[in-house]
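The values are calculated or read from the model by the stated rules, or taken from the named source; none is laboratory data. Being a predicted model, the structure only gives us computed values, none of them experimental. Virtual Cβ from ideal backbone geometry, glycine too; neighbours counted across all protein chains shown.
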Amino acid sequence: MADNGLRKVLADGLWHNNTGLVQLLGLCPLLAITTNTINGLGLGLATLLTLLASNACVSLIRNLVRPEVRIPVYVLIIASVVTAIELSMNAWFHDLYLILGIFIPLIVTNCAIIGRAEAFASKNSLPRALVDALAIGLGFTAVLVTLGALRELIGSGTLFAQAHLMFGEAARGLAIVVWEDYRGFLLAILPPGAFIGLGLLIAGKNVIDTRMKQAATVRAKAAQAASTA
Amino acid sequence: MRFPTVTSPHLTPPHSVGRVMTQVILALIPATIAATWYFGWGVLINIGIAVTTALACEAVMLTLRRRPLPPALGDLSAVVAAWLFALTLPPLVPWWIAVIGIAFAMVFAKHLYGGLGYNPFNPAMVGFVVVLLSFPRELSLWTIPAVLAEQRLGFTDYLNAIFLGHLPAGLTWDALTSATPLDRVRTELGMNRTLDEIRENPFFGDFSGRGWEWVGNWYLLGGLWLAYRRVIDWRIPLAVLLSLCALAAAFHLFDPGRFASPAFHLFSGAAIVGAFFIATDPVTASTTPRGRLIYGAGIGVLIYVIRTWGGYAEGVAFAVLLMNMAAPTIDHYTRPRVFGTRRGERDAP
């Protein structure tokens, strides 16, 4: 039963209740920094780490904090976690830190994080809160990376450019030039490209959901027919 | 496609989308011929590419949306959008730019919003803005108008240039293309030259760039005929041009060395075609009489502001799109008084 519950938490965070595609939370960093894949991955992982730490803290103190002061306490926790992450990124991924700039401290204001603290971690045990943070964080990262890859591919015809910023000099070879001699389609890199790209991703998810629902009803009908026969 | 009125004693007017669009195309023909004469065969080739692509995209989107093909393909609205879009393109622009622009216009600006009648933004202008933002260098390849050009390209030269990117031997892009009058004035004003110095260049004629200044008149001819036929409402073009001229005149009187004359603004760029053909799009424009005056005046003001202080030399497309966004609000606040109610009295819900 517990295992089943955790699986549901995972599926919700990764797909059914995805932060980027369903809840539409944290759109500001999502739209602003996904000009290439590596930026998306960098911010996604930073958000994932923040979520893990903040969900864990909130879950551990959930029986100590009085409800009247819970929101300021959550904000304090998240702000300290983000400050720590910002300082570490500045130390170890300095170039990436320079590119992501203001959007790293702005993780504090990402409503997805305080949303999870308030709606989930403050009511659940540590393991469940951690699984939830992992699922939500990975789901958000997946959207950031997909949108970043989409915009990078259409906008400049490459994939994983600047991978060395994240994985060190050895990863320079990861950068793929998909189309040689590509002139670039600036619109995809500019803000409109972010909105259009996100719209297309949401539409794609809805199509997949509809297909899955149709398949499920067909299967249910078949099972019913088989059981009555 | 017909939209008959339901109240009883009226006869159905013979207006249908197809008929309106046919008249718009007829009104565009003089200007198209003039543009082809001044700027070369590329104009016609661009129209051909854009119209073909638009119809293909329309057919694909209608099939995907499971709608019947004939009424929407036959109403010519896609042809008009593609035609107007093609007229905004420089004649030597590579073929794939026309294809990308009009495909984006049809798929994203028209069909994703629900097709004709539901699109909040003018598709032709969305297509133009997309290619303008994405390919600024290619969009500056305007051919030198006929009265100034030393060499003129033949039809096959244009086909080669547009589809293969080859120019005839001995010619360079620089010899064939030049900046538009608006671009040139903008650049030279940036170099701290006064308008009088700028206008001494033989490039400039009586009002604007030589050659450029007369194309607008042919749009005016077609536009006036459309207004006479009541296909478009005279209020929109009048408001656009009046507000543009009024602002230009005020600033020109204030400092003639820095701010161009109203005539220059009127006869340069897309002011006239924008006022008569683009701002009057029945789907995206305001629909109430007073609203149309406000809508048009807003476009005129924005054109002037963008041309004078904005980041681009020409602002018609941006002005139209911005006012498209405002049109529903304008309509909401300018609803005409219902006959029989007193001023200030709310009509029955």
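Structure notes:
- Qualifying residue in the range A:62-77 (condition: in contact (Cβ under 8 Å) with a residue 60 or more places away in the chain, out of contact with any strand residue (DSSP E or B) (no Cβ under 9 Å at 6 or more places or on another chain) and over 18 Å from residue A:147 (Cβ atoms)): yes
- Close pairs from the range A:204-229: first under 30 Å from residue A:150 (Cα atoms), partner of a type in the set (A, V, I, L, M), Cβ under 7 Å, at least 6 apart: A:205/A:21
- In the range B:296-324, the residue that is farthest from the chain's Cα centre (by Cα) out of those that are surrounded by fewer than 19 Cβ atoms within 10 Å (Cβ to Cβ) and part of a helix (DSSP H, G or I) is B:309.
- If you filter the range B:47-95 down to residues that are touching a residue at least 60 places away in the same chain (Cβ under 8 Å) and of a type in the set (Gly, Ala, Ser), you find that the one that is surrounded by the fewest Cβ atoms within 10 Å (Cβ to Cβ) is B:72.
- Residues of the range B:102-127 that turn out to be more than 12 Å from every other protein chain (Cβ to nearest Cβ) and part of a helix (DSSP H, G or I), as a count: 9
- Qualifying residues in the range B:240-276 (those that are small (Gly, Ala, Ser) and in a loop (DSSP other than H, G, I, E, B)) - the one farthest from the chain's Cα centre (by Cα): B:257
- Condition met for residue A:152 (surrounded by fewer than 14 Cβ atoms within 10 Å (Cβ to Cβ) and away from every other protein chain (no Cβ under 14 Å)): no
- Cross-chain or 6+ apart pairs with Cβ under 6 Å, the range A:171-193 first and away from chain B (no Cβ under 14 Å), then small (Gly, Ala, Ser) and surrounded by 14 or more Cβ atoms within 10 Å (Cβ to Cβ): A:171/A:163; A:174/A:163; A:175/A:161; A:175/A:163; A:178/A:157
- Subset of the range A:194-208 (residues that are more than 10 Å from every other protein chain (Cβ to nearest Cβ) and among the aliphatic types (A, V, I, L, M)): A:194, A:198, A:201, A:202, A:207, A:208
- Some residue of the range B:23-41 being farther than 29 Å from residue B:233 by Cα, assigned to a helix (DSSP H, G or I) and touching a helix residue (DSSP H, G or I) at 6+ places or on another chain (Cβ under 7 Å): yes
- Which listed residue is within 23 Å of residue A:182 (Cα to Cα), within 14 Å of chain A (Cβ to nearest Cβ), of a type outside the set (Phe, Trp, Tyr) and surrounded by 24 or more Cβ atoms within 10 Å (Cβ to Cβ), from B:131, B:99: B:131
- Answer residue from the range B:153-184, given it is touching a helix residue (DSSP H, G or I) at 6+ places or on another chain (Cβ under 6 Å) and in contact (Cβ under 8 Å) with a residue 24 or more places away in the chain and is surrounded by the fewest Cβ atoms within 10 Å (Cβ to Cβ) among those: B:163
- Remark: pairs (first residue in the range A:18-29, at positive phi and in a loop (DSSP other than H, G, I, E, B); second residue surrounded by 19 or more Cβ atoms within 10 Å (Cβ to Cβ) and small (Gly, Ala, Ser); Cβ separation under 8 Å; 6+ apart in sequence or on different chains) = A:26/A:20; A:26/A:112.
- Selection status of residue A:218, within 14 Å of another protein chain (Cβ to nearest Cβ), exposed (fewer than 11 other Cβ atoms within 10 Å of the Cβ) and modelled with pLDDT of 90 or more: no
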